[in-house]
Amino acid sequence: MHVLIIGEHPLFNEGLSSLLRRLYPDVRVSIETASLSAAISMQPADLIFVDLGSAPTQQDMKALSELVSDMSMRVVVLGDKPSPSFSRAIMNLNVAGFIPKNMELQALEGALRLIEMKHRYLPDTMLLDEPSGFAEAPEAFIGARKIKLTQRQLEVLGELGKGRTNNQISDAFGIAVATVKLHVNAVMKALGAGNRTEAVIIASQLGLLPLEGKTL
């Protein structure tokens, strides 16, 4: 696997490179300190880490968008500004993940493992802070770390964590498959997940599911 690290801070680049080599002994790591705008024409890699620093410019964001859309490689963004709105702006570019640079080492290793398995990593700030656009929770809803799910939706989420299909969930609860689909879609929307697998991963990070839960 070839990994390219793009960043202006040599010490951080070398630290990340050392971590990658420890986790993946066969990895080939290249480091570039050129600007992000220049990165678009750089050598291909299986995975690219882009350090946006603490004050990315509009030009940086544009270059990042072009890097993600114009190349077939997976891009992971590293940054010093893990606010919910900034995290969402980064994830909306369809990157493989956004990793705050103040993340603890063990959590960072877990994030890299998720990305290695072709999942997207979402930072805790994006999961735990109040997301914009969500309606206020009615009394029928349960607040689970500010994720609003009904009791039935939590039960369906539990079945997703066990790797159950819609038909199996339908049989388990005695409800129509169409109703199960509605619950699954509601769960994914509430968690900000693009698919069932991401929903299970996010729910596990939030403590709504056991970490050993299966994914589909």
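Summing charges over all other residues whose Cβ lies under 15 Å from the Cβ of Asn167, with Lys and Arg as +1 and Asp and Glu as -1, gives +2. Annotation for Leu105 and Met73: the two label points, set 7 Å from Cα along the Cα-Cβ direction, are 2.7 nm apart.
Look at where the Cα atoms of the stretch 184-207 and of the stretch 1-36 average out, and the two centres are 30 Å apart.
Each reported figure results from applying straightforward, stated rules to the coordinates on display, with no laboratory input. Here the structure is a predicted model, which is why all the values come from computation and not from measurement. Cβ atoms come from the backbone with ideal geometry, glycine included; neighbour counts cover every protein chain shown.
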